[in-house]
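Read through the structure below, which is laid out as structure tokens, and then see the notes.
The values are calculated or read from the model by the stated rules, or taken from the named source; none is laboratory data. Quick caveat: nothing in here was measured; it's all calculated off a predicted structure. A quick note on method: Cβ atoms are made from the backbone with ideal geometry, for glycine too, and the neighbour counts reach across all protein chains shown. Only protein heavy atoms, including side chains, enter the accessible area calculation; ligands, DNA and RNA are left aside. Shrake-Rupley method; radii C 1.70, N 1.55, O 1.52, S 1.80 Å.
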Amino acid sequence: MKNVIVVIGAGLIGQAIARRVGAGKHVLLADLRQGNVEVAAKVLSDAGFEVSTATVDVSSRASVHALVETATAIGAIAGVVHAAGVSPTQAAPETILKVDLYGTALVLEEFGRVIAPGGAGIVIASQSGHRLPALSPEQNKALATTPTEELLALPMLQLDVVTDPLNAYQLSKRGNSLRVMAEAVRWGKRGARVNTISPGIICTPLAKDELAGPRGPGYRRMIELSAAGRIGTPDEVGAVAALLMGPEGTFITGSDFLMDGGVTAAYWYGELAPK
């Protein structure tokens, strides 16, 4: 049986990470849409990777559990990459909270039960979580540790409170980094590690949807006024993931890595600061 790298979300970031960490392992690519996963699998297979595919709805416990069973039937779970999600332009607050927040908690819980000793996980969060004002210690703890099935019942996440898709997205991504910090304790008892990466605007279909949507002008302004002055690439995210999942990252767990070309710095202390 081979070591398995499970990649949830067969988009460009998921593929970039798979290319960096999947050599010599079995890559199980999973996505909500079968067409997406088949296209990505062909690209990786043609490049010499051993790949199989599955469909998964991360907002469904039964679906995520089925993916766990598929993965463990192949071999030991050496790595989990959770790169699936929806953006503020793509979905309403309810869907964003269910997919990006609850879905991430579900993936961490289910795969945290089977991750192999020495294994590592990555959750793709977002710079957006870093632009949310500070939450109270009680709210932070609630997002980090509330049992998964009770998470969406938190008062702070009710739809009469969270009415804006961007706010739902920011809360979800802040919640991802907090959840990973808490889960790192549980994963550590299995001898495994887990971290988040919070990318800025990366050249993906999701980013293109945002750039073409109502927040497009704001996104372009963020790019122009950032220190890097450009959009990021999936391969740059893959490079950070390779560090975190590889032998040089074995002292790193429960951490969040912001890589946004300086957008957040400009938001809090530069020209992007709210007036």
Flagged in segment 58-75 as surrounded by fewer than 18 Cβ atoms within 10 Å (Cβ to Cβ), in a loop (DSSP other than H, G, I, E, B) and under 22 Å from the mean Cα position of the chain (by Cα), in numbering order, are Ser60
Counting only residues that are in a loop (DSSP other than H, G, I, E, B), of a type outside the set (Phe, Trp, Tyr) and open to solvent by less than 60 Å² (accessible area, probe 1.4 Å), segment 42-56 contains a total of 1
Can you find even one residue in segment 234-257 that is in contact with a Ser or Thr (Cβ under 6 Å, 6 or more places away or on another chain) and closer than 27 Å to Pro165 by Cα? yes
Going through segment 87-100 in order, the residues found to be of a type in the set (Val, Ile, Thr) and either within 17 Å of Gly119 (Cβ to Cβ) or surrounded by 22 or more Cβ atoms within 10 Å (Cβ to Cβ) (or both) are Ile96
Expected single match for in contact (Cβ under 8 Å) with a residue 24 or more places away in the chain, among the basic types (Lys, Arg) and on the phi < 0 side of the Ramachandran plot among Arg113, Arg33 is Arg113
Those residues of segment 179-201 which are part of a helix (DSSP H, G or I) and hydrophobic (A, V, I, L, M, F, W, C) amount to Val180, Met181, Ala182, Ala184, Val185, Trp187
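Okay, residues lined up against (1) surrounded by fewer than 17 Cβ atoms within 10 Å (Cβ to Cβ); (2) part of a loop (DSSP other than H, G, I, E, B); (3) under 13 Å from the mean Cα position of the chain (by Cα):
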residue: Tyr102; (1), (2), (3): no, no, yes
residue: Glu110; (1), (2), (3): no, no, no
residue: Ala116; (1), (2), (3): no, no, no
residue: Gly121; (1), (2), (3): no, no, yes
residue: His130; (1), (2), (3): no, no, no
residue: Pro133; (1), (2), (3): yes, yes, no
residue: Leu151; (1), (2), (3): no, no, no
residue: Leu159; (1), (2), (3): yes, yes, no
residue: Val162; (1), (2), (3): no, yes, no
